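Inspection log for the structure reproduced underneath, given as structure tokens.
Only the coordinates and a few stated rules stand behind these numbers; no lab work does. Everything numeric here is computed off the predicted structure, so don't read it as measured data. Don't worry about glycine lacking a Cβ; one is built from the backbone with ideal geometry, like all the others, and counts go over all protein chains shown.
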Amino acid sequence: MTDRDKIVEGLSICIENIDRSCPLGCPYYDKCTNYEARFIFQPLLRDTLKLLKEQEPVEPTFKQDRDGIFVWACGSCGAYMYHIYEGIDKAKEYAKYCRQCGRPVKWE
């Protein structure tokens with residue numbers, strides 16, 4: 001199960017059992033039941049926040065590729081996105097998301 005699937009399942013179970021204790025089938029059961037009652041959702045909330053932050057747009061950077069050509073690169077993973085000589089307007093049109101990590105690109 002991916003982190004996203006685990007988080008979605010955990011949130012669904014928490015919503016269904018909001019007035020009850022955490023059921024054994026919850027993927028966060030072991031983590032949440034180790035906390036005091038007032039902190040019970042913290043592991044799930046931390047993972048949810050981390051997942052949401054991973055979806056935030058990143059500003060592109062530019063760097064030289066191995067042939068000495070400057071390219072726009074993902075600000076998160078560094079994957080090449082677009083050659084600079086094509087112009088920023090073309091890059092904005094073409095590279096809305098990184099093809100490597102999938103993060104949205106924040107051009108402005």
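Return the residues of the range 10-31 that are not in a helix (DSSP H, G or I) and not aromatic (F, W, Y); say none if nothing qualifies. Within the range 10-31, N17, I18, D19, R20, S21, C22, P23, L24, G25, C26, P27 meet the criteria. Checking each residue in the range 10-23 for being under 16 Å from R46 (Cβ atoms) and out of contact with any Phe, Trp or Tyr (no Cβ under 6 Å at 6 or more places or on another chain) picks out L11, C14. Figure legend. Inter-residue proximity from the range 49-71: first residues under 18 Å from V8 (Cα atoms), second residues of a type in the set (V, I, T) and surrounded by 11 or more Cβ atoms within 10 Å (Cβ to Cβ), beta-carbon distance below 6 Å, spacing 6+ or different chains. Indicated pairs: L51/I7.
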